[in-house]
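The values are calculated or read from the model by the stated rules, or taken from the named source; none is laboratory data. Because the structure is a prediction, the values reported are computed rather than measured. Cβ placement follows ideal geometry from the backbone for every residue including glycine, while neighbour counts extend to all protein chains displayed. Only protein heavy atoms, including side chains, enter the accessible area calculation; ligands, DNA and RNA are left aside. Shrake-Rupley method; radii C 1.70, N 1.55, O 1.52, S 1.80 Å.
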Amino acid sequence: MSAATGTLPPGDTSLNAGRRERELAELAGGEWMDLIVIGGGVTGAGAALDAASRGLRVALLEAHDLAFGTSRWSSKLVHGGLRYLAHGDLPVAWESAVERDILMRRTAPHLVRALPMVTPLTPLVSRPTAALVHAGLHVGDALRRAAGTPRAVLPPPRRLTAVETLGVAPALRETGLRGGLVYWDGQLVDDARLVVALARSAAGFGARILTRLAVRDVAGPARPGLGGFEAISGFEVTVRDGIGGGEFTVRARAVVNATGVWAPTLAPAVRLRPSRGTHLVVRSEALAHGGALSVPMPGELDRFALVLPQGDGRVYVGLTDVPVDRVTDVPEPAEEEIAQLVDVVSTVLTAPLDRADVLGAFAGLRPLLDSGGDGRGAAAGGGRTADLSRRHLVHTGSDGLVTVVGGKLTTYRRMAADAVDAALAVSGLPAGPCRTRHLGLVGAAPRAALAGLAAPRRLVERYGTEATRVLALGDDDPGLLAPIATGLAVTGAELLFAVRHEGALDAADLLDRRTRIGLVPSERHAALDAATRLFDRAMTA
């Protein structure tokens, strides 16, 4: 394996109903784990991979499906930290630049691509503001160089003429356009696919990945010692099986709570101020099939509306930052947020967006730390959620439960490593240092090898080296290589692969997380019958 990606998982990475049933029976039968990770988002899956790759016996428990929560509602960007520079938070910006490099060159080069983003210099962007943005881009590029990311992977920023800017984004209003500033960042083909790849890679190191397993209670007091904590006797985690029914107890030496905005349910001492980020889904024709844009929010220097082409005929437009008081499993975008995004992006377009151009909308909840990032029970902090730090917190409770919160998708690996380190410290479990800096996820390979695969580019970007396995499912049934519905690119082979190898346990898993058809309600409706038939076929084969 080339140094461009690193070591791959050594064992079976397939997740399916049969494996779930076997491993669930082992846990219900009393098998002890070294570590239980609660939460199947990007941080939980990352923690499971981190711990399993160190040789620990690991079980990941998720109440719903992989990437069911916040991890599937992101902008699908692997940020280099420009926004954090605007807040003067250099440590977070540096951490982001380092983790972006690891994702793009080692961990998941098949899932992350370079994305040029243009900030159009319209009359709404003053020259002083443009100068500040330009300076920030060059500081961000200095972090890119310091992190070791080559120019061939992420080119440096530069100034564009008005003609060049219109060439990249032909939908822009030409009147008053002075040019643009272009910079490069990382873009995930899909955030939920990253989570699935992490979970499967953890399974390749022996981790039990168990979805539809809701945690009801965590019990396991630690004994305080002179140095903080002595080794604990173990945790008992009560779970309920969402498929077979019934409750039982899982036992482990240590537990990591990686449940995001739901973390205070298990760790009340951790205080969060969740905020909602909303995105729109728009047809690319509405934006003249142009490139990515970063449009300054009116009256703000550090917030931008993003226009992000997805390469599948869709464009995501985001994102808002609205404080919320109630945490829900599936957050709903507010009409005010949808209207705000439409209005802001329309300020730079020749033909403004209309509400009818919006095919769908989605929202996620950020698990932001309260009290200036302390999160340990101080009085609620004031100010906007947009101004809260994106640093993460690893908190060890008096009972020995380790909770990891805050942060963002780009830095999941660092968050996971810190959480596992804390769990090792409190439990006394023997294990080596973190290995994930040099681990490639399932499907990873050097970019030259990916380019040489005999498979459509669309499949290679989603499955990496496994794209040929997906294609092979059509050898005996060529109909599986056809789109499952008119106007969609997703094929039956992809859905069949998701059931056999990616842990999909019903049609909703297929439509809403293994693929992202569900982001457009009309397309979900059109594909539902086909997804249900293919799921039933896979389960009876």
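Taking the Cα centre of segment 1-150 as the origin, how large is its charge dipole in debye, to the nearest 20, when only Lys and Arg (+1) and Asp and Glu (-1) carry charge on their Cβ atoms? It would help to have the intermediate numbers written out before the result.
Working: 15 positive and 14 negative charges, 143 e Å.
Taking the Cα centre of segment 1-150 as origin, the dipole is about 680 debye.
Other residues whose C-beta falls under 14 angstrom from the C-beta of Val125 contribute a net charge of +3, scoring Lys and Arg +1 and Asp and Glu -1. Histogrammed with a bin width of 10 Å, the alpha carbon distances of segment 201-333 distribute as 9, 23, 25, 22, 15, 5, 0 percent, first bin at zero.
Between the Cα long axis of helix 335-346 and the first principal axis of the chain there is an angle of about 40°, rounded to the nearest 10.
Distant-in-sequence amide contacts of Phe304, defined by a placed amide H-H separation under 5 Å and a gap of 5 or more residues or a different chain, comprise Met297.
Rolling a 1.4 Å probe over the protein heavy atoms gives segment 386-541 an accessible area of 39 Å² per residue. The residue list Pro116, Ser201, Ala142 was ranked by how far each Cα lies along the charge dipole of the chain toward its positive end, using unit charges on Cβ atoms, and Ala142 comes out on top.
May I ask you to order 32-40, 45-53, 518-526 by the average number of other C-beta atoms within 10 Å around their residues, highest value first? Numbers along the way, then the final one.
Details: 32-40: 26.7, 45-53: 31.2, 518-526: 17.4.
So the order, starting with the most tightly packed, is 45-53, 32-40, 518-526.
Taking amide hydrogens as placed 1.01 Å from N in the peptide plane, the amide H of Glu502 sits under 5 Å from those of Leu15, each at least 5 positions away in sequence or on another chain.
With charges set only on the Cβ (+1 for Lys and Arg, -1 for Asp and Glu), what does the dipole of the chain come to about its Cα centre, in debye to the nearest 20? Could the numbers behind the result be given before it?
Details: 59 positive and 57 negative charges, 284 e Å.
Its charge dipole is roughly 1360 debye.
When you count the other C-beta atoms within 10 angstrom of each residue and take the mean per peptide, 467-476, 140-149, 57-66 line up highest first as 57-66, 140-149, 467-476. Here the extension length gained between Ala425 and Asp475 equals 12.9 nm, from 0.36 nm per residue of separation less the Cα-Cα distance.
At 222 nm, what value in deg cm²/dmol follows for the chain if DSSP H runs of at least 4 each add -39500 (n - 2.57) and the sum is divided by all its residues, to the nearest 500? Write down the numbers at each step before the final one.
Numbers: 14 runs with 159 residues, N = 541.
Here the helix-only value at 222 nm equals -9000 deg cm²/dmol.
The phi-based Karplus calculation (6.51 cos²θ - 1.76 cosθ + 1.60; θ = phi - 60°) puts the 3J(HN,Hα) values of segment 190-203 at 5, 5, 5, 5, 4, 4, 4, 5, 4, 5, 5, 5, 4, 4 Hz, whole numbers, x for Gly and Pro.
Within the accessible area of the chain, the carbon and sulfur atoms contribute 55%, probe 1.4 Å, all protein chains present.
How many percent of all Cα-Cα pairs in the chain sit more than 34 Å apart? Walk me through the numbers on the way to the answer.
Details: 53751 of 146070 pairs.
Everything past 34 Å amounts to 37 percent.
Placing unit charges on each Cβ (+1 for Lys and Arg, -1 for Asp and Glu) gives segment 20-178 a dipole about its Cα centre, and among Pro128, Leu49, Leu35 the Cα reaching farthest toward its positive end belongs to Pro128.
Evaluating 6.51 cos²θ - 1.76 cosθ + 1.60 at θ = phi - 60° for every residue in segment 536-541, the Karplus couplings come out as 4, 4, 5, 6, 9, 6 Hz, glycine and proline recorded as x.
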